[in-house]
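Worksheet: the structure to be examined is printed underneath.
No value in this document is a laboratory result; all are computed from the given coordinates. What you are looking at is a predicted structure, and each value in this text was computed from that prediction instead of being measured. Cβ coordinates were reconstructed from backbone atoms using ideal geometry, including for glycine residues, and neighbour counts include every protein chain displayed.
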Amino acid sequence: MDKNKTNVFKGIIASGGIAIGRIFLIEEEEFAIVPKKIQKQNVKKEIDRFQGAIFKVKDELLTAKKEIIKVFGKEHVLLADAHLLMLEDPLLDRDVTRKINDEHVNAEYALWTTVEKVVQSFEKIDDEYFRERKNDVLEIGKRIMRQLTGPYRRSITEAHNGAVIVAHNLGPSDTIKLKERKVGAFVTDVGSKTSHIALFAQDLDIPAVVGLKNITATANHDDYVIVDGNQGLVIINPDEKTLENYQHEHEIELQERHELDKLRDLPAQTLDAHKVVIACNVDSPEELKAILNSGAEGIGLLRTEFMFLKENKMPSEESQYEALKTIVHKIHPHTAIVRTLDLGGDKLMQLGFEGFMRENNPFLGLRAIRLCFKNPEMFKTQLRAILRASAHGKIKIMFPMIASVDELITAKNFVEEVKHELKSKKQDFDDKIETGAMIEIPSAALTADMIACEADFLSIGTNDLIQYTFAVDRTNESVAYMYEPMHLSILRLIKHIIDAGHNAGKWVGMCGEMAADISFTKMLLGLGLDEFSVPPASVAKIKKVIRNSTLNDAKDLANEVLSTHERKVAVTALKKSHPQ
Ligand code: PEP
Ligand code: MG
């Protein structure tokens, strides 16, 4: 590559913010996987060499795990644990050993061909979360390989403060070094929003862009680079004008951060003293630290799917209870709104759900509450765990994908049944626990008045509400242009839901991504939204908009936007409404 040529890469946003610095390139290793014949009498020695390498990697990972607990806390050992589990998988040992034994080939060849086979089988999995685990397998394979062939990978320990790490992937021991070296940002070829490394970046509060595919092949060590974590952009060798713009933006960002930090512990209250709640969405326990630091007043949406996906098997009541207990303890004195399982029928063969089959339209199929009704024992197990955890802190239960008031009544009957069982076993729980419905299906939105009479609260799931209103698959890039939160259909539905909730005397929150977009904050405030549940990084930004608004102005804005039939006019009104 031309040393000074500007190269722009677009990837997946893992953590926001801007960093400008020099690249510290961790080049991808090319492992020579040429089969070498091993003499019969040397086979045992070769197997010992392979097992010795596994032993050393295990040692490395255990040391990294101890460090991670010390530096980041227990919640962050998941990645190291996952790698240790893979390392201890008897299949890996058995397959490689057998290959050396049967084919008389060298350990490197036996290992790498086995790793490739496992990776290929992961690539065939539909579910993104499980497919992503192929990178963990590769990472483990490379670690063992490095022990066999000797290291020739640059170590982050050599990086200077503020460096931008460019790597194919990063492992658990790298994360510790990222912190020690105070790196400015990192970007990787692989990774997705669900990768552990993305969560580490958020925890370290440094910009990160992942899923860049081949940036390591193009980047040069020491090149100048801008990482724009807000837009998922990486600009290598930027021209002067771009650099100047970003330097300016970076300075503003630093100032803003400083200002936002000051808002952390202030209430989310308008200039005319109307108070709303800002809570956080939680996808996994690793995010709790960021939430506790964000100034949020509790958890507005705890997605419980992580408990089911983590172990690749149905979690026991005990493990669900323990996980929830830890979360409510940590979030005390605030409330955690625990959403019951929201998984689709397409992902779950391995969990052994009743009624599982490959569906043509999984988003319209056996998903969320429907899957729970079809699997009453699984549903009751989860409800038992939630109810038992409610004895240790403040919990509310929320049901996803409620389509009608009848479904809410059925779900509540399950709760009553489980309460009855717990009482007969003399197990503690919060008998007054509140139950709410997510409103994310148009049929529920249009009958929100009836649902509100049965619910203690409503929470608008705009991610799905938009998907189902427009008949647009929220994960399909080809129709993404139709996914339009600003459309009058969506705004009218939101208004209808909030009014219905209020008429029944219930509070109404929003936990879809729309709640986190500051260009909608004032309008949602004006529509009467009582709670915004957002990612930790958005809490202070939303607070700032609310603290600079009056409820009356916000109501005027909502009326203006809702009464316009022209999208452009509505967008202009919203843009005018917030200074950013
Ligand atoms: C939503 O649909 O808006 C929502 C918050 O739920 P999820 O994104 O988990 O479907
Ligand atoms: Mg949803």
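Numbers below:
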read-out	value
Charge dipole (the chain, unit charges on Cβ, about Cα centre) - positive-most of A323, V137, L84	L84
Helix 240-263 axis, angle to the chain major axis (alpha carbon atoms, nearest 10°)	60
Cross-link table K56/K99; K374/K423; K313/K374; K37/K124, entries beyond 23 Å C-alpha to C-alpha	K374/K423; K37/K124
Shape category assigned to the stretch 137-224 from the gyration tensor of Cα positions, a/c cut at 1.5	rounded
Candidates per trypsin sites (Lys or Arg not before Pro) in the stretch 64-145, loop by DSSP, up to 13 other Cβ within 10 Å	K124
With Cα atoms, 0 to 90° folded angle of helix 488-503 axis to the chain main axis	60
Per-residue Cβ neighbour rank within 10 angstrom, fewest leading, H258, H221	H258, H221
Inverse of mean 1/r across different Cα pairs in the stretch 410-476, Kirkwood, Å	13.9
Sum of side-chain charges, E440 neighbourhood, beta-carbon under 14 Å (Lys, Arg +1; Asp, Glu -1)	+1
Over the stretch 181-251: Rg over Rh, Cα atoms, Kirkwood Rh	0.96
Peptides ranked, highest mean first, by Cβ atoms within 10 Å: ranges 5-18, 244-257	5-18, 244-257
16 Å tail of the calculated P(r), the stretch 359-481, as % of Cα pairs	64
Cα-based convex hull, the stretch 440-580, per residue volume (Å³, whole number)	114
Kirkwood hydrodynamic radius of the stretch 7-91, from inverse mean 1/r over distinct Cα pairs, in Å	17.3
Two-decimal log10 I(q)/I(0) for the chain, as the Debye equation yields it once each C-alpha is a single scatterer, q = 0.07, 0.11 Å⁻¹	-0.47, -1.13
Rg/Rg_ref, the stretch 40-149, where Rg_ref = 2.2 N^0.38 Å and atoms are Cα	1.14
Sequence ranges 183-189, 453-459, 437-443, ranked by mean other-Cβ count within 10 angstrom, highest first	183-189, 437-443, 453-459
Burial ranking of peptide ranges 378-384, 330-336, 44-50 (average Cβ count within 10 Å, highest at the top)	378-384, 330-336, 44-50
Total charge dipole magnitude, the stretch 440-580, about the Cα centre, Cβ charges on Lys, Arg, Asp, Glu only, Debye to nearest 20	640
Rg to Rh quotient for the stretch 304-436, alpha carbon positions, Kirkwood Rh	0.96
Separation of alpha-carbon centers, the stretch 544-560 and the stretch 242-320, rounded to whole Å	23
Nearest-ten-degree value, helix 551-563 long axis tilted from longest Cα axis of the chain	90
About the Cα centre, charge dipole magnitude for the chain (Lys/Arg +1, Asp/Glu -1 at Cβ), debye	1000
